[in-house]
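The values are calculated or read from the model by the stated rules, or taken from the named source; none is laboratory data. This one's a predicted model, so the numbers in the text were calculated from it and none came from an experiment. Counting neighbours? That spans all protein chains shown, and the Cβs are built from the backbone with ideal geometry, glycine included. The protein model used for the area step is the full one, side chains on, heavy atoms only, and it has no ligands, DNA or RNA in it. Shrake-Rupley method; radii C 1.70, N 1.55, O 1.52, S 1.80 Å.
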Amino acid sequence: MSRFEDLVGVIASELTDYQDLVAVTEVEHPDKTVVEVFVSPGDLGRIIGRQGRTASALRVLLAVASGPEGRETSLEFHEIRDSQS
């Protein structure tokens, strides 16, 4: 795991009810790094927060972790879909 995955994973796990379902992946693109957070459908609102404040704070922490001359990072949130649907 990268430092971005570790940072976001620890925080996201603490914010959710179903910690064992939290998954964080990092996808490298030529111009930026995308960190994707997958949570259960019931936890999506908890991780985004009221008016997106928690998501915004996570994005700020991610930007700080990338450093002053770091690569551009993006944070996306997704619900885990039921595989039987």
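Tally up the residues in region 16-29 that are over 20 Å from Val64 (Cα atoms) and of a type outside the set (D, E, K, R), please. Quick ask: steps written out before the conclusion?
So in region 16-29, the residues over 20 Å from Val64 (Cα atoms) come out as 16-23.
Checking the rest, the ones that are also of a type outside the set (D, E, K, R) come to 16, 18-19, 21-23.
Result for region 16-29: 6.
The rows are residues; the columns are (1) under 19 Å from Glu5 (Cα atoms); (2) crowded, with 16+ Cβ neighbours inside 10 Å.
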| site | (1), (2) |
| --- | --- |
| Glu36 | yes, yes |
| Asp43 | yes, yes |
| Gly52 | no, no |
| Val60 | yes, no |
| Glu72 | yes, no |
| Ile80 | yes, no |
- line: Per the list (1) open to solvent by 50 Å² or more (accessible area, probe 1.4 Å); (2) among the hydrophobic types (A, V, I, L, M, F, W, C); (3) in contact (Cβ under 8 Å) with a residue 60 or more places away in the chain, residue check on Val10 breaks on (3)
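Could you tell me whether Arg81 is modelled with pLDDT under 90 and under 18 Å from Thr25 (Cα atoms)?
Working: modelled with pLDDT under 90: yes; under 18 Å from Thr25 (Cα atoms): yes.
Yes; evaluated as a whole, the condition is true for this residue.
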